[in-house]
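Remarks on the structure that follows.
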Amino acid sequence: MIEKIILSKKNIKDYKSVAGAGVINQLKKNAKSLKGKRIIHINSTPRGGGVAEILNNLVPLERSLGINASWFSFKAPKRFFKITKKIHNALQGEKINLSVSEKKFYLNINKKLAKELNKIPADLFIIHDPQPLAIILSFNNKPMVARIHLDLSAPNKKVFSLILPILRQYRKIIISLKEFIPKGINKSKVSIIPPAIDPLDAKHVDISKKKARKILSKFGVNFDKPLISQVSRFDPWKDPLGVIDAYYLAKKKIPDLQLILLGLFLEQDDPQAKVIFEKVKKKAKGNSDIFLFSNPKILKDKKISNNTFVNAVQRGSDLILQKSIKEGFGLTATEAMWKSKTVIGGTAYGLKLQIQNNKTGFIVKNSQEAAQKIVKLLNDKSLRRKIGQQAHLSVKKKYLITRLLNDHLKLYKTLIDADDS
Ligand code: UDP
């Protein structure tokens, strides 16, 4: 079931130019006692979504510092991912009932996973999100950390009561912000570590807006007309339908406005995406200024990679939307802010942490407010530029991978050193 993910090589030295020599020295110092330690990350999809994005960047950098870090994902029947998407949605607050047989199935697959993972020697396991969370129930006393990337601010009580006793077994629980501290978990067990982006990743290569627009024009996007975008899985929490509502309202004032919704079906753990995409398609139907991207084949045919295309959409747009209702931490918003874009975000806790309203972007309560902001900002280039510059600086200060890496090293040290002594 489990599969080891093959990673690209990254060199920590390359990050000196963006993070500064002091940060790199600090990282090296903190990694010293961790050299050779076997740290294993486990999640439920090798590609697509924020967790895979983070691991793709974090694990090679841990390796570059001499840590024997690796990343495993796993295959499971479709039914498993249907159940875990229900758990995911319930933990973000949806009213959901899990049947006894669904719970059993979830626990059973986790038991099988644990059996395989138990054979792998490790100093520390980091389990990402609820899908493989229950493996700890069949684990032989190894130090384990749970990393929950979801918005846990108001979980559905019934499903949370299934997850809580499992969470309690973990040595530490990492969440993205304090509002997500799970009720019933001792605060001393919780580490608050917000995610981050890798500025040197292919997704962020510095290309001009013109070049970005050229790439987009291959798919019919008009080179000169105004363009707004949301880059996100087709997921109810990301509110793609609300984005289309905002777009239609704004289009009354800006008739040539174009919209891109980009959410390629890359991940195996999100069976809901196709259902939501159909709803989006229905709502967008007939409008030749709305561009929906879900099928990875469309890019493959034109020999354009996912990373190149995400970069082109983020850099080629005049404005970026991230209208999420719930969001643990929206990497896409930070990615766009790094590119000095003005982001209009929803009221999700994660986004409110990432975007300082009126300073590094905007937070809107509903589609009407989003439409007003779209119109105002598209008519005010200098405001967009000012906000974009402030957004870039805030990412540089708080949300680069070197900061995330350092937070992880510090946590590993407390766990592994404690175990060694
Ligand atoms: N993403 C991508 N291709 C797509 C849509 C999204 O590569 O078609 C990436 C996006 O750039 C970001 C990640 O998927 O790095 C999504 O992370 P985020 O935290 O925003 O949301 P999640 O999917 O984890 O809820």
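Say the dipole of segment 273-421 comes from +1 at the beta carbon of Lys and Arg and -1 at that of Asp and Glu; which of Val280, Met337, Leu405 then lies farthest toward its positive end?
Of the candidates, Val280 comes out farthest on the positive side.
So what is log10(I(q)/I(0)) for segment 202-274 at q = 0.13, 0.15, 0.19, 0.28 1/Å, when the Debye sum runs over its Cα atoms only?
-0.50, -0.65, -0.95, -1.23
Which of Pro199, Pro165, Pro236 moves most in a GNM of the chain, Cα contacts under 10 Å?
Largest GNM mean-square fluctuation: Pro165.
Pick from Gly22, Gly346, Gly36 the residue whose mean-square fluctuation is largest in a GNM of the chain, springs joining Cα atoms under 10 Å.
Maximum among the listed residues: Gly22.
Once you order the gyration tensor axes a ≥ b ≥ c over the Cα atoms, which shape class does the chain get: rounded for a/c under 1.5, otherwise prolate or oblate by comparing a/b with b/c? If you can, show how the numbers build up before the last one.
Working: a/c = 1.80, a/b = 1.40, b/c = 1.29.
Prolate, since a/c reaches 1.5 and a/b exceeds b/c.
Can you run the Rg to Rh ratio on segment 1-140? Use alpha carbon positions and the Kirkwood inverse-distance Rh.
Over the Cα atoms of segment 1-140, Rg/Rh equals 1.05.
Order 41-51, 282-292 from most to least packed using the mean count of other Cβ atoms within 10 Å. Intermediate results must be reported in sequence, preceding the final value.
On the way: 41-51: 21.7, 282-292: 14.2.
Descending packing order for the listed peptides: 41-51, 282-292.
Please give the Cα centre distance for segment 292-362 versus segment 229-283, rounded to the nearest Å.
Centre-to-centre distance over Cα atoms comes out at 12 Å.
How large a share of the accessible area of the chain, in percent, is made up of carbon and sulfur atoms when the probe is 1.4 Å and the other protein chains stay in place? Please report the intermediate quantities before stating the final value.
Details: 9360 of 18250 Å².
Carbon plus sulfur share of accessible area: 51 percent.
Just to confirm, what accessible area per residue do you get for the chain at 1.4 Å probe, in whole Å²? Mind showing how you got there, number by number?
On the way: 18250 Å² over 421 residues.
Accessible area per residue, the chain: 43 Å².
What is segment 141-180 by shape, rounded, prolate or oblate, if you read a ≥ b ≥ c off the alpha carbon gyration tensor as root eigenvalues and call it rounded for a/c under 1.5, prolate for a/b larger than b/c, and oblate otherwise?
Oblate.
My understanding is that a pair violates if its Cα-Cα distance is over 30 Å; which of Lys28/Lys112; Lys238/Lys339; Lys86/Lys323; Lys103/Lys410 do that in this structure?
Checking Cα-Cα distances, Lys28/Lys112; Lys103/Lys410 exceed 30 Å.
Averaging the inverse of every distinct alpha carbon separation and then flipping it gives the Kirkwood radius. What is it for segment 162-259, in angstrom units? Can you show the working numbers first?
Details: mean 1/r = 0.0558 Å⁻¹.
Across segment 162-259, the inverse of the average 1/r is 17.9 Å.
Considering only Leu292, Phe234, Asn56, whose Cα is most displaced toward the positive end of the charge dipole of the chain, charges sitting on Cβ of Lys, Arg (+1) and Asp, Glu (-1)?
Among Leu292, Phe234, Asn56, the one farthest towards the positive end of the dipole of the chain is Leu292.
Between Asn108 and Arg47, what is the FRET efficiency for a Förster distance of 35 Å, r being their Cβ-Cβ separation, to the nearest 0.05?
Working: r = 26 Å, r/R0 = 0.73.
With R0 = 35 Å, the Cβ-Cβ based efficiency is 0.85.
How much of the DSSP beta bridge set in the chain is antiparallel, as a percent to the nearest 5? Display every interim value, and only then the final one.
On the way: 3 of 40 bridges.
Of all bridge pairs located within the chain, approximately 10 percent are antiparallel.
Between segment 84-156 and segment 1-46, how many Å separate their Cα centres?
24 Å
Is the shape of segment 231-308 rounded, prolate or oblate, going by the alpha carbon gyration tensor and its root eigenvalues a ≥ b ≥ c, with a/c under 1.5 for rounded and a/b larger than b/c for prolate?
oblate
Based on Cβ point charges of +1 for Lys and Arg and -1 for Asp and Glu, what charge dipole magnitude is obtained for the chain about its Cα centre, in debye rounded to the nearest 20? Could you put the intermediate results ahead of the total?
Values: 80 positive and 34 negative charges, 51 e Å.
That gives a dipole near 240 debye.
Once label points are set 7 Å from the Cα along Cα→Cβ at both Phe219 and Asn11, what is their separation, rounded to one decimal in nm?
Placing both labels 7 Å along Cα→Cβ, they lie 3.4 nm apart.
Using only alpha-carbon positions, what ratio does the radius of gyration of segment 166-216 give when scaled by 2.2 N^0.38 Å? Don't skip to the end; give the middle numbers.
On the way: Rg = 19.1 Å, N = 51, 2.2 N^0.38 = 9.8 Å.
For segment 166-216, the normalised Cα radius of gyration comes out at 1.95.
Please check: in the Gaussian network model of the chain (C-alpha springs, under 10 Å), which one of Ser101, Ser232, Ser367 has the largest mean-square fluctuation.
Taking springs between Cα atoms under 10 Å, the residue moving most is Ser101.
Say the dipole of segment 262-411 comes from +1 at the beta carbon of Lys and Arg and -1 at that of Asp and Glu; which of Gln372, Pro271, Gln314 then lies farthest toward its positive end?
Sorting the options by dipole projection puts first Gln372.
The values are calculated or read from the model by the stated rules, or taken from the named source; none is laboratory data. Every value quoted in this text rests on a predicted model; they were computed, and no experiment measured them. When we count neighbours, we look across all protein chains shown, and the Cβ atoms used for this are built from the backbone with ideal geometry, even at glycine. Side chains included, ligands, DNA and RNA excluded: accessible areas come from the protein's heavy atoms. Shrake-Rupley method; radii C 1.70, N 1.55, O 1.52, S 1.80 Å.
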